[in-house]
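One structure is given below, encoded as C-alpha cells.
The values are calculated or read from the model by the stated rules, or taken from the named source; none is laboratory data. Remember, it's a predicted structure, so these values are computed and weren't measured experimentally. Neighbour counts run over all protein chains shown; Cβ positions are idealised from the backbone, glycine included. Only protein heavy atoms, including side chains, enter the accessible area calculation; ligands, DNA and RNA are left aside. Shrake-Rupley method; radii C 1.70, N 1.55, O 1.52, S 1.80 Å.
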Amino acid sequence: MLNNIDKGMYLRFCTGVSKLDFYPFAEIKNWKNLGYWLLVLKPYIDKENSADGILENYIFSEAENSLEATVSLKATWQDGTPVSSFEAAMGIAKGFTHREHSTSIRVIGTEDINNIGWEKKYYKGIEIISPIKFKLFFEGEIENIKGVLEDALSFKTLRNIIWPVRLNSFTNPEYNSGYFDIVSKYPIRFENGKYFLNVLGNQVELSTLNVKSSYDFYFNTSDYNQFKNQNEADLDFIVNKKQNMHTFIGIFNSNSKLFNSKKSRLQLSGILRNIANSLSKDENYHVPNGHFDTSEPGYQEKVKWPIQIEFFPENTKEIKIAIPYLTAKNKVMQKFEELSNKNGITINWIDMSEDYNKSLNADIQIFTARIQNNRQIWLQNILNSNSVIFNLEKFPKTVLTLKEINIKSASTIPIKQDLLENFEKTAFEEVSIIPIFRYYLHSYSRKNLPIVLNISENKEFYFSLNKN
C-alpha cells in the first residue's frame, strides 16, 4: 500500500490470475476471472437495488418466452456515454452463445451471431423498440427459461455471467486490453498495462499474480494462504466470514483404467474425505455425509460416503487430477499429494484454465461451485460442460438423473426433492461424483485501511468504508 495525499491510498486487490481480461464473448475457462469480474462488473439485474443494475426494469412473458427491458440511464461506459438498447440486447443474445452452462436457451434466430459482420445483421428474436428499450424472444428445451435468464442477468449462476460491451470495443479484429470498455460498479481506468478502480477516493489496482506479494485484499482463503507475505499474521487482516458456502467435489473419469472399479473409486473417495475431515478443526472445512447436509432437500440418511484412510488402488503409479485453476490445489489436495508421494505415487496436476483438452484425460476432475439458499446450482447445468459429459460417459444412472434435473427443474429454488434424492442415490451407487468437503467463502482486508472488502448474497464483492 502507498500513501498519497491527493489520491487517497494506492491499494492492491489479489485477482488470483496471471492476466486480466474483460472480453465477454469467450468461454469462461479460468474460474478465477469471476473473482474480479464480480467486483468490477455491473449486473444487468440487481435484485438488492434495482438502481444499481444495467436494466432499470424488465418484464418476462412466459406465454411467448420474451424479455422486454428498459436500460437505466445510470448505466454508462467509461466516458459517461449511456448504454444503448442495441448494445444491451446484443450483449445478452451473443453472450449466451459463449456460456456452456446456459446453452439450454438462446435468443431465437441467433445461430449465426458469431460470424463476421454479426453486428450488422437482422435477428428474428431481437427487437429494438427505442434507444433505451428492447425485447428478446427465447427458445429452449427446459421448462423454466425465465429462471435461467434471471440467473445469468443477476450473476446468480456464476459461470453464466453476461454483460454488454461497446461496439467500438468488440468489433476490433483482435481484442486488445487498451480497447476495453465495460459498465463497472466503480470508475475504472487502464493505464500502463494495469487496471485501477477509484473506490471512495482510493486507487485499487487489480493486481495479477505477477506482483507476487504485498496485496491488500483477497477474495478467497486459498489465495490468502498462498500469497500473503511470510511475516504477515492473521491478526493483520480483517476477515469477512459471510456465510456464502461452496462445495468441493470430484468427478471420476468413467474411462479411467486406474479407477475402473467401484472399490478403487471408493478408496480414493475415503482418502480425500478423511484428509478434509482431519483438517476441519483448524481450517474452514465441513465434511457432510453426502452431497446434501441434514437440513437440505435431497439428504439421504442411508447414504454415507466413507471417511477413512485405506490403501490406494493396487499398482497405482500416477494419478492425473484436473483442477479448475492453480490455487484449487488447496491444503486438502496438498496433503493428498504428500500422502501419495509417501506411497510411491506421483500426482500429475492439470490446470484446466491453461490446458482444457489435456484435462479430458485426467483420472478425476475437481469441481467447485456455490451453494445458495440450499441450492447447489452445479447440479442444474453441469451436463452442459463437454469435459463432464466425457467423464460421466459410463455412469448412465448419474447422467440420467442429471438430465432430469436439467430439463425439469432448471433454476428452481429448491430443485424438486425427488430429483435430488435420485441423484444422491445414483451418484453413491455408481461412485461417480464424490462430495469431498464444503467451505465458506471469506474475504480478507489488511487492517487500518480506509476501505474493506465485503461479500453479499447478491452483489458478490464490494468495498465499503472501514469503520473499525
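Remarks
- Of the numbered criteria (1) hydrophobic (A, V, I, L, M, F, W, C); (2) touching a Lys or Arg at 6+ places or on another chain (Cβ under 8 Å); (3) part of a helix (DSSP H, G or I), the one M90 fails is (2).
Yes or no, residue by residue, for (1) open to solvent by 10 Å² or more (accessible area, probe 1.4 Å); (2) modelled with pLDDT of 90 or more; (3) within 20 Å of E460 (Cα to Cα); (4) of a type outside the set (D, E):
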site	(1), (2), (3), (4)
D6	yes, no, no, no
I28	no, no, yes, yes
G35	no, no, yes, yes
V107	no, yes, no, yes
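- Inter-residue pairs, beta-carbon under 7 Å, first within 20 Å of I371 (Cα to Cα) and in the stretch 264-288, second open to solvent by less than 20 Å² (accessible area, probe 1.4 Å) and part of a helix (DSSP H, G or I), 6+ apart: A276/V332; Y285/A276; V287/R273; V287/A276
- Some residue of the stretch 30-39 being among the charged types (D, E, K, R), in contact (Cβ under 8 Å) with a residue 12 or more places away in the chain, under 30 Å from L209 (Cβ atoms) and out of contact with any Lys or Arg (no Cβ under 6 Å at 6 or more places or on another chain): yes
Here's the yes/no breakdown for (1) under 21 Å from I433 (Cβ atoms); (2) crowded, with 17+ Cβ neighbours inside 10 Å; (3) touching a strand residue (DSSP E or B) at 6+ places or on another chain (Cβ under 8 Å); (4) of a type in the set (V, I, T):
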site: G298; (1), (2), (3), (4): yes, yes, no, no
site: I309; (1), (2), (3), (4): no, no, no, yes
site: A328; (1), (2), (3), (4): yes, yes, yes, no
site: V332; (1), (2), (3), (4): yes, yes, yes, yes
site: T346; (1), (2), (3), (4): no, no, yes, yes
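- Residues in the stretch 254-263 that are under 11 Å from D363 (Cβ atoms), surrounded by fewer than 19 Cβ atoms within 10 Å (Cβ to Cβ) and of a type outside the set (K, R): 3 in all.
- Test: residue in the stretch 447-458 that is closer than 21 Å to D151 by Cβ, under 25 Å from the mean Cα position of the chain (by Cα) and in a strand (DSSP E or B): yes
- Boolean, F196 is farther than 15 Å from F22 by Cβ and at pLDDT 90 or above: no
- Being free of Cβ contacts under 8 Å to residues at least 40 places away in the same chain, closer than 19 Å to T426 by Cα, of a type in the set (K, R) and surrounded by fewer than 17 Cβ atoms within 10 Å (Cβ to Cβ) is a description that applies to K304.
- Hits in the stretch 307-361 (condition: under 19 Å from F259 (Cβ atoms) and basic (K, R)): K317, K320, K358
- Residue count for the stretch 251-296, restricted to those that are in a loop (DSSP other than H, G, I, E, B) and β-branched (V, I, T): 2.
- Selected residue (only one of D236, D223, D216 is modelled with pLDDT of 85 or more and open to solvent by 50 Å² or more (accessible area, probe 1.4 Å)): D236
- Filtered by the rule that a residue be assigned to a helix (DSSP H, G or I) and not aliphatic (A, V, I, L, M), the stretch 305-341 gives T327, K331, Q334, K335, F336, E337, E338, S340, N341.
- Number of positions in the stretch 145-187 that are at pLDDT 80 or above and open to solvent by 30 Å² or more (accessible area, probe 1.4 Å): 5
- Residue count, the stretch 27-57 (criterion: assigned to a loop (DSSP other than H, G, I, E, B) and within 20 Å of I323 (Cα to Cα)): 6
- Subset of the stretch 349-388 that is farther than 17 Å from E27 by Cβ and among the basic types (K, R) - its residue that is modelled with the lowest pLDDT: R375
- Looking only at residues of the stretch 348-371 that are among the charged types (D, E, K, R) and open to solvent by less than 40 Å² (accessible area, probe 1.4 Å), we find that the one that is farthest from P313 (Cα to Cα) is R370.
- Hey, E127 open to solvent by 50 Å² or more (accessible area, probe 1.4 Å), in contact with a strand residue (DSSP E or B) (Cβ under 6 Å, 6 or more places away or on another chain) and free of Cβ contacts under 8 Å to residues at least 40 places away in the same chain or not: yes
- If you go through the stretch 200-232 and keep only what is under 27 Å from V287 (Cα atoms) and outside any helix (DSSP H, G or I), you end up with Y218, F219, N220, K228.
- The set of residues in the stretch 77-95 being under 11 Å from V165 (Cβ atoms) and over 25 Å from the mean Cα position of the chain (by Cα) consists of V83 alone.
- Of residues in the stretch 389-413 being outside any helix (DSSP H, G or I) and surrounded by 16 or more Cβ atoms within 10 Å (Cβ to Cβ), the one modelled with the highest pLDDT: F395
- The residue that is most open to solvent (accessible area, probe 1.4 Å), among those in the stretch 188-201 that are in contact (Cβ under 8 Å) with a residue 60 or more places away in the chain and out of contact with any Leu (no Cβ under 6 Å at 6 or more places or on another chain), is L200.
- Selection count, the stretch 58-75, where residues are open to solvent by less than 60 Å² (accessible area, probe 1.4 Å), in a loop (DSSP other than H, G, I, E, B) and hydrophobic (A, V, I, L, M, F, W, C): 1
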